[in-house]
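The values are calculated or read from the model by the stated rules, or taken from the named source; none is laboratory data. A quick note: this is a predicted structure, and the numbers were derived from the prediction, not measured. With ideal geometry, Cβ positions are generated from the backbone for all residues, glycine too; neighbour counts draw on all protein chains shown.
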Amino acid sequence: MFDYLIVGAGFAGAVLAERLASQANKKVLICDRRNHIAGNAYDHYDEHGLLVHKYGPHIFHTNSAEVFDYLSQFTEWRPYEHRVLADVDGQLLPIPINRTTVNKLYGLNLQTEEECAAYFQSVAEPKEQVRTSEDAVVSKVGRDLYEKFFEHYTRRHWGLDPKELDASVAARVPARNNTDDRYFTDKFQAMPLHGYTRMFEKMLSHPNIKVMLNTDYREILDLIPFKEMIYTGPVDEYFNFRFGKLPYRSLTFKHETHNKAQFQPQAVVNYPGPKDYNRITEFKYLTGQEHPKTSIVYEYPRAEGDPYYPVPRPENAELYRKYKTLADSTPGVYFVGRLATYRYYNMDQVVAQAMTTYTAITGACKLSVATVSETVGTGKVGSLPVLELPKVGVPAVAA
Ligand code: FAD
Ligand code: UDP
């Protein structure tokens with residue numbers, strides 16, 4: 001009999017499997033319906049020998065020493081600071097918008113942070129309440145920059161007007177008065193030296209953990225006995241869409257390999273103009289790999305397909321609350337991760353959430369919940385993620 005059946009071998013599932021197996025001596029079965037571990041962070045060598053991220057670029061960054069130290073048990077790191085250019089008006093300009101961006105775009109010569117702040121203030125449209133993604137940008141940098149960098153990209157990515165999306169979405173990419181052109185400002189920024197999948201292999205290598213791929217948990221529910229379940233798939237699917245479908249946004253990835261050493265001048269180039277893809281990533285920048293060829297990926301936003309992005313807007317939060325009430329009253333099942341808690345979480349936030357859940361389940365983790373929730377942040381929004389404690393002391397699943 002397994003102590004835990006964990007559904008999903010992404011960050012949420014793998015962290016919990018590792019903690020429960022290594023710290024609490026629990027017997028864990030982790031299954032995934034895909035043919036690989038690592039969830040959306042999965043990377044692999046393509047047919048040309050280039051390390052690529054199957055589900056789009058995954059760049060690790062965190063402000064949490066606890067999360068970084070925890071993962072460091074399973075990987076060495078390659079220092080990496082991510083930079084992105086946006087293709088606007090025939091130029092490749094830094095995004096997040098900074099002083100260089102406006103100087104180059106408008107032919108200005110703003111020399112100091114004060115001058116740049118004054119410029120933004122002169123074009124900003126003040127809002128009494130910043131509720132939507134349009135508000136978040138227009139209230140800081142005005143309408144022209146909003147239209148050039150955010151409006152179309154956001155509409156394409158989410159299939160919604162920025163007016164219909166929470167402010168927190170566009171606020172992930174806040175404008176700066178300085179010339180810092182890094183995408184993230186977090187304290188820890190690095191890539192797993194040998195890739196994410198290798199890191200996950202180490203996390204799941206404990207003898208108490210058995211991994212089952214190509215397996216939807218519903219195929220084994222009645223076949224394999226276990227005491228409790230940790231579920232990291234879409235929460236609405238778990239409950240057979242009882243209250244209707246929660247909206248998720250998807251992407252199609254088009255991977256290509258080019259017969260040259262370099263394809264573009266930066267790791268990611270965003271296309272906020274009239275294209276049908278939003279960004280192109282060149283993996284060698286992320287991995288540091290040296291190779292005569294180079295592999296890239298285009299991301300095409302889609303309504304249908306694998307659920308990649310919960311869509312942050314009030315009506316969806318309302319629908320999720322109904323599922324959460326149901327999840328909270330489901331004995332013996334813990335809901336963890338980006339899809340199961342319907343949160344637009346980065347990897348470090350999912351790791352922190354999983355560690356918090358481990359604490360709640362066992363009360364045995366060294367980290368306190370407060371420590372994790374106080375220190376983890378995206379480093380972009382400046383606010384902390386909401387880390388809710390899962391229910392404690394759920395009764396075991398009836399045999
Ligand atoms: P997932 O990785 O989605 O894992 C859930 C797993 O559960 C999946 O493998 C799925 O197959 C499995 N599953 C679902 N239902 C079932 C079932 N019924 N039976 C069996 N298995 C099931 N974060 C960052 O920090 N930095 C980035 O640069 C970054 N870039 C991203 C780019 C893209 C395009 C996307 C989509 C996300 C990105 N993220 C990034 C977010 C990151 O992917 C997530 O935070 C993280 O992977 C979530 O982990 P998870 O375990 O919650 O979910
Ligand atoms: N965004 C945009 N233009 C850009 C970059 C981002 O409009 O050039 C908006 C868009 O709505 C996007 C959000 O900001 O979904 C968050 O961007 P981020 O790069 O964090 O998205 P992710 O990496 O999660 O896809």
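So, in the stretch 210-261, of the ones that are touching a Ser or Thr at 6+ places or on another chain (Cβ under 9 Å) and assigned to a helix (DSSP H, G or I), which residue ends up nearest to ligand 2 (Cβ to nearest atom)?
Here the residue is V235.
Hey, any hits in the stretch 48-63 for a residue that's in the same structural domain as L16 (by TED's automatic domain parsing) and among the polar types (S, T, N, Q)? Step through it out loud before you land on a result.
Applying the first criterion (in the same structural domain as L16 (by TED's automatic domain parsing)) to the stretch 48-63 yields 48-63.
Restricting the remaining residues to those that are among the polar types (S, T, N, Q) gives 62-63.
Yes, that holds for at least one residue.
All but one of (1) touching a helix residue (DSSP H, G or I) at 6+ places or on another chain (Cβ under 6 Å); (2) within 16 Å of ligand 1 (Cβ to nearest atom); (3) part of a helix (DSSP H, G or I) hold for G337; state the number of the condition that does not hold.
(3)
Looking at this structure, is L85 modelled with pLDDT of 95 or more and in contact with a Cys (Cβ under 7 Å, 6 or more places away or on another chain)? Give the derivation first.
Working: modelled with pLDDT of 95 or more: yes; in contact with a Cys (Cβ under 7 Å, 6 or more places away or on another chain): no.
It is false that L85 is modelled with pLDDT of 95 or more and in contact with a Cys (Cβ under 7 Å, 6 or more places away or on another chain).
Is there any pair with a first residue in the stretch 250-266 that is over 16 Å from L51 (Cα atoms) and a second that is among the charged types (D, E, K, R) whose Cβ atoms are under 7 Å apart and which are 6 or more apart or on different chains, and what are they?
From the stretch 250-266, the pairs are S250/R302; S250/E304; S250/D306; L251/E299; L251/R302; T252/R302; Q264/E282; Q266/R83.
Of everything in the stretch 68-118, what is under 26 Å from the mean Cα position of the chain (by Cα), more than 16 Å from ligand 2 (Cβ to nearest atom) and basic (K, R)? Give them in sequence order. Break it down into steps so the answer makes sense when it comes.
We begin by selecting, within the stretch 68-118, every residue under 26 Å from the mean Cα position of the chain (by Cα); these are 68-88, 92-98, 101.
Checking the rest, the ones that are also more than 16 Å from ligand 2 (Cβ to nearest atom) come to 68-79.
Of everything in the stretch 68-118, just one residue is under 26 Å from the mean Cα position of the chain (by Cα), more than 16 Å from ligand 2 (Cβ to nearest atom) and basic (K, R), namely R78.
Do we have D186 as in a loop (DSSP other than H, G, I, E, B), within 16 Å of ligand 1 (Cβ to nearest atom) and in contact (Cβ under 8 Å) with a residue 40 or more places away in the chain here?
So D186 fits the description; yes.
Could you grab me the full set of residues in the stretch 342-364 that are within 16 Å of ligand 2 (Cβ to nearest atom), surrounded by fewer than 24 Cβ atoms within 10 Å (Cβ to Cβ) and not aromatic (F, W, Y)?
Matches in the stretch 342-364: R343, M347.
With respect to V67, is the statement that it is of a type in the set (V, I, T) and more than 30 Å from P314 (Cβ to Cβ) true? Write out each step before concluding.
Values: of a type in the set (V, I, T): yes; more than 30 Å from P314 (Cβ to Cβ): no.
No: the conditions fail for V67.
Please enumerate the residues belonging to the stretch 206-263 that are among the polar types (S, T, N, Q) and on the phi > 0 side of the Ramachandran plot. Before the answer, list the steps.
So in the stretch 206-263, the residues among the polar types (S, T, N, Q) come out as 208, 214-215, 232, 240, 250, 252, 257, 259, 262.
Residues satisfying the conditions are N214, N240.
Within the stretch 298-340, how many residues turn out to be within 16 Å of ligand 2 (Cβ to nearest atom) and within 28 Å of E18 (Cβ to Cβ)? Give the steps one after another, and end with the answer.
Taking the stretch 298-340 first, the residues within 16 Å of ligand 2 (Cβ to nearest atom) are 298-303, 305-313, 316, 337-339.
If we keep only those that are within 28 Å of E18 (Cβ to Cβ) as well, we get 306-310, 337-339.
Summing the residues that are within 16 Å of ligand 2 (Cβ to nearest atom) and within 28 Å of E18 (Cβ to Cβ) in the stretch 298-340 gives 8.
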